[in-house]
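The values are calculated or read from the model by the stated rules, or taken from the named source; none is laboratory data. Quick caveat: nothing in here was measured; it's all calculated off a predicted structure. FYI the Cβ positions are ideal-geometry reconstructions off the backbone, even for glycines, and counts take in every protein chain you see. Just the protein is used for accessible areas: all its heavy atoms, side chains included, with ligands, DNA and RNA removed. Shrake-Rupley method; radii C 1.70, N 1.55, O 1.52, S 1.80 Å.
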Amino acid sequence: MIAKLAWKNLWFKPLNTVLSLVLLTASVAIISLLILLQEQFEKQFSSNIDGVDLVLGAQGSPLQLILSSVYHVDDPTGNIDYKEAEVWMKHPFVETAIPLAFGDNYRGFKIVGTTPDYIKKYAATISQGKVFEKNFEVVIGSEIAKKLNIKIGDKFFGTHGSAEEGHVHEEYAYVVVGIASPTGKVIDNLVLCTIESVWAMHANHGHDHGEEVRSSDENPPHGEEGHVHVDGDEHDHEEHVHDENCNHDHDHEVTENPPHGEEGHIHEDGDEHNHDHEEAKEITAVLIKFKNKMGIISWPRMIAQNTKMQAAMPALEINRLFSLFGIGLQALQYLAYGIMLISGISIFIALYNRLKERKYEFALLRVSGASRIQMLGLVLIESLLLCIVGFIFGTLFGRLALVMISSTTDEQFKMAFNPMTIIWEKEGILFLVTIFVGILAAVIPAVKAYRLNISKTLANA
């Protein structure tokens, strides 16, 4: 009966009630959204660096190296020589070393050249098919299979770079041989293949480009007027020999070693094809896990001093990112609690004015048999009902905002958030804070209702 009466009293002045409700809903929605964002953001970032003590890559920003190599949300700092990196990968301190080679994408999803150890690192299994073994065989993440409806045996062409729009490598088609199980980690949004696939794709691309230069009408064949020698031109060596030994037959030498691309051609030092092939032997990064923690401390300095590479510690860089990220979240939380405080003041003013305007009705309730405790409870229940409704609406709007944010982050960074997650501890504390604000706002009006002088009030009426 008291609760029903309290609910009707709330809507005695609907504009005041709606204003208090909107302020309370806004504050709860902001705080609820921040709780969900921070919890899931930190959980996803922390889970992806498990088993990675150090990341070896090109010199540049350490944070950029971590974001690009571990989380795949940024462009890499560059490439490193595979042979140079291999020396460190085979160091006695190293337990596991997983090389990564980037360069292409398929419809916005990164194609990563790596080894089967990368799948094991994320505790993923092959739910369909098998692990990649040959060049241009790929294993795709569960999210890609679901979003693009890809099945075992499907073929596709990669696009150069990280943007969806770009040069399509139509020289070779990737073949889907496996689909990884869902893990909730970055591997769910990656296309995995052998490193040799990445090398072959880009070596072939560079080789074709070189052939186009040599077959161009702008550069006539060697020996004809207007011929321009290009770097690695195989005839350079032959001309040098011809100048020193005039009695040699030039045509006979050409016959002995035909031009590049023709049958019987022998690759020589400086040959452009070999040069392109060597350049392709590069990787983007190496994920390293040590047998003991000594390497984590000593390697960053050693690698910086002795190589052209850098070694970044994921734990250090992510803690730095969280500290920067936390400043913004804390500022927003302060703002939300400020809005909640304003909401509490609004509830207090509404209850206080309502008590002044309806004190005669309260006096009649007392005459009708209502006790002082019931009058006090009536005012408190009004405030608590308002706070509970505001909390429910706030949590719903907070999750709706998370759905909108998640759709954006999923499209741009392949990072999604679950709006149905409930953080019981933090959201429970938020509920208690909301109830406390409601009680605090109702204390003075409730006490005045408790102390209401019936005879004086009715006499004045």
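If you build the convex hull over the alpha carbons only and average its shadow over all orientations, what do you get for region 1-156? Give it in nm² to one decimal. It would help to have the intermediate numbers written out before the result.
On the way: hull surface 66.7 nm².
That works out to 16.7 nm², a quarter of the Cα hull's surface.
Which loop trypsin sites (Lys or Arg not before Pro) in region 1-93, with loop taken from DSSP, have no more than 13 other Cβ atoms within 10 angstrom of their Cβ?
Numbers: sites: K4, K8, K43, K83, K90; in loops: K90.
Sparse-neighbourhood loop trypsin sites (Lys or Arg not before Pro): K90.
Rolling a 1.4 Å probe across all protein chains gives V437 an accessible area of roughly 30 Å². Each residue, L400 and L364, gets one label point 7 Å from its Cα in the Cβ direction; the gap between the two is 3.9 nm.
Average accessible surface for region 21-170: 43 Å² per residue, computed with a 1.4 Å probe over protein heavy atoms with every protein chain in place. The value obtained for region 310-454, namely the Cα convex hull volume divided by the number of residues, is 137 Å³ per residue.
Computed from label points 7 Å out along Cα-Cβ, the spacing between D75 and V22 is 4.5 nm.
In what sequence, largest accessible area first, do R372, R320 appear using a 1.4 Å probe? Before the final figure, lay out the partial values.
Numbers: R372 95, R320 120 Å².
Solvent-accessible surface, decreasing: R320, R372.
Using only alpha-carbon positions in region 1-91, the gyration tensor eigenvalues give semi-axes of 57, 14, 6 Å once each is multiplied by 5 and square-rooted (largest first).
Amide H contacts under 5 Å for G158: H169, Y174, restricted to partners 5 or more places along the chain or on a different chain, H placed in the peptide plane at 1.01 Å from N. Sorting I392, I98 by accessible area puts them as I392, I98; the probe is 1.4 Å, largest comes first, and only protein heavy atoms count. So which of K110/K289; K151/K426; K120/K146; K110/K130 end up more than 31 Å apart by C-alpha? Listed pairs above 31 Å: K151/K426.
Multiply the residue gap between W7 and I392 by 0.36 nm, knock off their C-alpha separation, and tell me the result in nm, one decimal place.
Roughly 137.0 nm would be gained on extension.
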